[in-house]
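One structure is given below, encoded as structure tokens.
The values are calculated or read from the model by the stated rules, or taken from the named source; none is laboratory data. It should be emphasised that the depicted structure is a prediction, and the values quoted were computed from it without experimental measurement. Virtual Cβ from ideal backbone geometry, glycine too; neighbours counted across all protein chains shown.
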Amino acid sequence: MCGIVGYIGKNKANEILINGLLKLEYRGYDSAGIAVIENNEIVCKKDKGRVRNLYNLEGINELESTIGIAHTRWATHGKPSMVNAHPHLDNHNTFAVVHNGIIENYHELREELIKKGYKFYSETDTEVIPNLVNYYYKEEKDLLKAVNKACKDLKGSYAIEVISKDEPDKIVVARKDSPMVIGVAGNDKYVASDIPAVLEYTRDFYLLADGEFVELTRDEIKFYDEDLNNIEKKIEKIEWSEKATSKEGYEDYMLKEIYEQPKSIRETIGSRLKENEKCQFDDIEIDKNYLQSINKIKIVACGTAMYAGLVAKNTFERLLKIDTEVDVASEFRYRDPLIDEKTLAIFISQSGETADTIAALKLAKHKKCKTIAVSNVIGSSITREAHYTIYTHAGPEIAVASTKAYTSQVVLLELLAIHFAEVLENNSEEIETLKDEILQLPKKVEEALKTGEEVKELANEIYAQKDVFFIGRGIDFTVTKEASLKLKEISYIHSDAYQAGELKHGPIALIENGITVIGIISDKKLVKKSVSNLQEVITRGANVIVVTDKDLSKYNFKKIIKVPETNKLLSPILTVIPMQLLAYYVSKAKGLDVDKPRNLAKSVTVE
Ligand code: F6R
């Protein structure tokens, strides 16, 4: 949540900062601002609303400074407003700070500072930071030391950048539980909460770990631990291309990412699976003895990532015969879950920065579980916590609503389940069929994407509805959850997903004339059961749309959307495609901002 950019070098900072913020708008978009040092004074320009509004602020385009910090906000403390927007300055306009995360003890710190004579103008937790820095600078007379002391007072999470007019050629950066990277290109140095912000300038990045501090000057970068001892850090080459973070002619990132799925799935499969070979996972060392010793697999994640886990549970249980449970990270972490060294815990996070998922992983480690992170972002926080990390390699996902990351997560988990089955020597014909089918998935996803036009027509028919229901059984139910989330988050239509057999136990009371019910049907054994449930809602006036890989043309459904057939365990990867397209086109039909739905941000770094 919230995006940070910083720059020190030889070019005009304002252009680089705003350009970076525009690339980070998916992190937050209710207000934005920059601060630079011009003629030894801090100049701060900020406002509520989208990043592009910054261009209209008086004097912003004329700034000549070559050092600055910037922020795009997703409000936590205090409504979106000019005053609450970052950067925040201390009472003497000497220090400017941008901050991601939440300062949990800001109330106490604010009271303390008020007693010392400081005044506060915003409702944010962040405003305590520049004033604390001001307070400590009086004794330390050194920006890095003052920031370090201020950070020792902070409880909660933060990624911060600080500049000072008293040390005008320096940016100090600190992080704890909120991501931050430093990019370098010759003498130009960039700071960003997310790599895409500055990918057009460099591929060389230092990835900061918790408790680290950085001092950036025009000539050098120095890294420190939390006690300000010097530390060495290695540059990582980030392979994402800049093209991967542009829309490439698509109207929206979400549409581009939906259509990228054949490619992203190919990348996920990569060299892990080749025809007639065993599944390879070089990144984890889990042997037969260990797998025989465990009695539970826990998959923990949030939102769409958790729904990917729900799909994979079916494959883990079927191939490994090990009880596999899926949990929501924000519940898991506070429930004292029954896990121990006999539990293998898998954490899924596209961004690798989701606060609840990271906390859940730490808890699992504390309870002696072996942990695996499934992430899309190289070097993200979660990957540094887990015993092992496997990457989806789906490429950067910019739209807030997850699409290609979801299908890649499912594919990767399917491969992992197969790999474990092979390690356990649970060989079966089904495993060989699954492997063949996985290799065919990119082509089949291409076919499923051809439903685009008919789905668009359907979207134009249903976009004015108030409620849409999704139903399915077994593996199809897992897709209804994801389909329903996708629709509600970007179209703002209320929607719910139910196990088809559960309808009669309550929800069917909501079915009335003209309502849309979407059924997903791929499990051969359950076709008749699901069809009966759909007939029950038709009888009560519902318009039923079915997404299926079966021939159901003999039934009286209003519309049938056909996707290619595959193994039942993999069917969610195909049935979800028209559902992603439906959410997209409904949102477009309503004239909404598909990539930046209201109230949401791409990575949820606060709990
Ligand atoms: C929905 C969506 C979210 C994320 C969730 C977890 O489209 O994107 O539900 O899946 O916030 O995010 P990550 O995977 O980054 O941990």
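The residues on offer are ARG335, ARG318, and the sole one that is without any contact (Cβ under 8 Å) to a residue 24 or more places away in the chain and surrounded by fewer than 20 Cβ atoms within 10 Å (Cβ to Cβ) is ARG335. Restricting attention to the range 422-444, does a residue exist that is among the charged types (D, E, K, R) and at positive phi? Within the range 422-444, one or more residues are among the charged types (D, E, K, R) and at positive phi. I'm trying to understand the selection: among the residues of the range 272-321, which are aromatic (Phe, Trp, Tyr) and in a loop (DSSP other than H, G, I, E, B)? Listed by number, the list holds a single entry, PHE281. So, in the range 357-389, of the ones that are part of a strand (DSSP E or B) and crowded, with 19+ Cβ neighbours inside 10 Å, which residue ends up farthest from the ligand (Cβ to nearest atom)? Here the answer is LYS370.
Is it fair to say LEU441 is under 24 Å from ILE372 (Cα atoms), part of a helix (DSSP H, G or I) and either modelled with pLDDT under 95 or more than 16 Å from the ligand (Cβ to nearest atom) (or both)? So LEU441 does not fit the description; no. Pairing residues of the range 345-356 that are assigned to a strand (DSSP E or B) with residues that are of a type outside the set (D, E, K, R) and near the ligand (Cβ under 7 Å from one of its atoms), at Cβ distances under 6 Å and at least 6 apart in sequence or on separate chains, gives PHE347/THR357; ILE348/ALA301; ILE348/ALA305; SER349/ALA305; SER349/THR357.
Quick grid of which residues meet (1) over 28 Å from the mean Cα position of the chain (by Cα); (2) among the hydroxyl-bearing types (Ser, Thr, Tyr); (3) outside any strand (DSSP E or B):
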| site | (1), (2), (3) |
| --- | --- |
| ALA483 | no, no, yes |
| ASP496 | no, no, no |
| ALA509 | yes, no, yes |
| ILE520 | no, no, no |
| VAL527 | yes, no, yes |
| ASN533 | yes, no, yes |
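Residues that are farther than 22 Å from ALA192 by Cα and in contact (Cβ under 8 Å) with a residue 60 or more places away in the chain within the range 75-114 comprise ASN93, THR94, listed in sequence order. Within the option set PRO572, PRO564, being surrounded by fewer than 23 Cβ atoms within 10 Å (Cβ to Cβ), touching a helix residue (DSSP H, G or I) at 6+ places or on another chain (Cβ under 7 Å) and under 27 Å from ILE418 (Cα atoms) holds for one residue only, PRO564. Remark: pairs (first residue in the range 378-392, more than 21 Å from HIS419 (Cβ to Cβ); second residue crowded, with 24+ Cβ neighbours inside 10 Å and at pLDDT 95 or above; Cβ separation under 6 Å; 6+ apart in sequence or on different chains) = SER381/ILE358; GLU385/LEU361. What residue, among those in the range 290-299 that are over 17 Å from THR407 (Cα atoms) and not polar (S, T, N, Q), is nearest to the ligand (Cβ to nearest atom)? Top of the filtered list is LYS298. Taking the criterion of being in contact (Cβ under 8 Å) with a residue 60 or more places away in the chain, among the polar types (S, T, N, Q) and away from the ligand (no atom under 16 Å from the Cβ), the only residue of the range 481-534 that qualifies is ASN533. Would you be able to say whether some residue in the range 103-120 is in a loop (DSSP other than H, G, I, E, B), surrounded by 24 or more Cβ atoms within 10 Å (Cβ to Cβ) and either of a type in the set (A, V, I, L, M) or modelled with pLDDT under 95 (or both)? Looking through the range 103-120, none of the residues is in a loop (DSSP other than H, G, I, E, B), surrounded by 24 or more Cβ atoms within 10 Å (Cβ to Cβ) and either of a type in the set (A, V, I, L, M) or modelled with pLDDT under 95 (or both). Specify the residue that is surrounded by the most Cβ atoms within 10 Å (Cβ to Cβ); the eligible residues are those in the range 321-331 that are among the hydrophobic types (A, V, I, L, M, F, W, C) and touching a strand residue (DSSP E or B) at 6+ places or on another chain (Cβ under 7 Å). Selected residue: ALA329. In the range 255-271, the qualifying residues are those that are modelled with pLDDT under 95 and assigned to a loop (DSSP other than H, G, I, E, B), and the one that is surrounded by the most Cβ atoms within 10 Å (Cβ to Cβ) is GLY270.
Kindly check whether there is at least one residue in the range 38-56 that is among the polar types (S, T, N, Q), farther than 30 Å from LYS138 by Cα and outside any loop (DSSP other than H, G, I, E, B).
Kept after step one, since they are among the polar types (S, T, N, Q), are these residues of the range 38-56: 39-40, 53, 56.
Subsequent filtering for residues that are farther than 30 Å from LYS138 by Cα retains 53, 56.
Checking which are outside any loop (DSSP other than H, G, I, E, B) leaves us with 53, 56.
Among the residues of the range 38-56, at least one is among the polar types (S, T, N, Q), farther than 30 Å from LYS138 by Cα and outside any loop (DSSP other than H, G, I, E, B), which makes the answer yes.
Out of the residues in the range 394-450 meeting the condition of being among the hydroxyl-bearing types (Ser, Thr, Tyr) and over 17 Å from GLN580 (Cα atoms), tell me which one is surrounded by the most Cβ atoms within 10 Å (Cβ to Cβ). Taking the candidates together, the pick is THR433.
Report yes if LEU21 is part of a helix (DSSP H, G or I) and under 22 Å from ALA401 (Cβ atoms), otherwise no. Yes, satisfied.
In the range 551-577, which residues are among the acidic types (Asp, Glu) and either within 16 Å of the ligand (Cβ to nearest atom) or closer than 20 Å to LEU534 by Cα (or both)?
Narrowing the range 551-577 to residues among the acidic types (Asp, Glu): 551, 565.
Within the range 551-577, ASP551 is the sole residue that qualifies.
Whenever a residue of the range 139-153 is touching a residue at least 60 places away in the same chain (Cβ under 8 Å), its partners that are assigned to a helix (DSSP H, G or I), lying with C-beta atoms within less than 6 angstrom and at least six residues away or across chains, give the pairs VAL147/VAL133.
Look at GLU226 and say whether it is surrounded by fewer than 15 Cβ atoms within 10 Å (Cβ to Cβ), at pLDDT 95 or above and outside any helix (DSSP H, G or I).
The answer is yes for GLU226.
Looking at the range 578-593, is at least one residue within 16 Å of the ligand (Cβ to nearest atom), at pLDDT below 95 and either crowded, with 24+ Cβ neighbours inside 10 Å or part of a loop (DSSP other than H, G, I, E, B) (or both)? Yes, because at least one residue in the range 578-593 is within 16 Å of the ligand (Cβ to nearest atom), at pLDDT below 95 and either crowded, with 24+ Cβ neighbours inside 10 Å or part of a loop (DSSP other than H, G, I, E, B) (or both). Taking the conditions exactly as written (farther than 30 Å from GLU341 by Cβ, more than 14 Å from the ligand (Cβ to nearest atom), polar (S, T, N, Q) and in contact (Cβ under 8 Å) with a residue 24 or more places away in the chain), does SER271 satisfy them or not? It is false that SER271 is farther than 30 Å from GLU341 by Cβ, more than 14 Å from the ligand (Cβ to nearest atom), polar (S, T, N, Q) and in contact (Cβ under 8 Å) with a residue 24 or more places away in the chain.
None of GLU397, GLU414 is acidic (Asp, Glu) and in a helix (DSSP H, G or I) except GLU414.
Somewhere in the range 458-468, is a residue in contact with a Pro (Cβ under 7 Å, 6 or more places away or on another chain) and touching a residue at least 60 places away in the same chain (Cβ under 8 Å)? Checked the range 458-468: no residue is in contact with a Pro (Cβ under 7 Å, 6 or more places away or on another chain) and touching a residue at least 60 places away in the same chain (Cβ under 8 Å).
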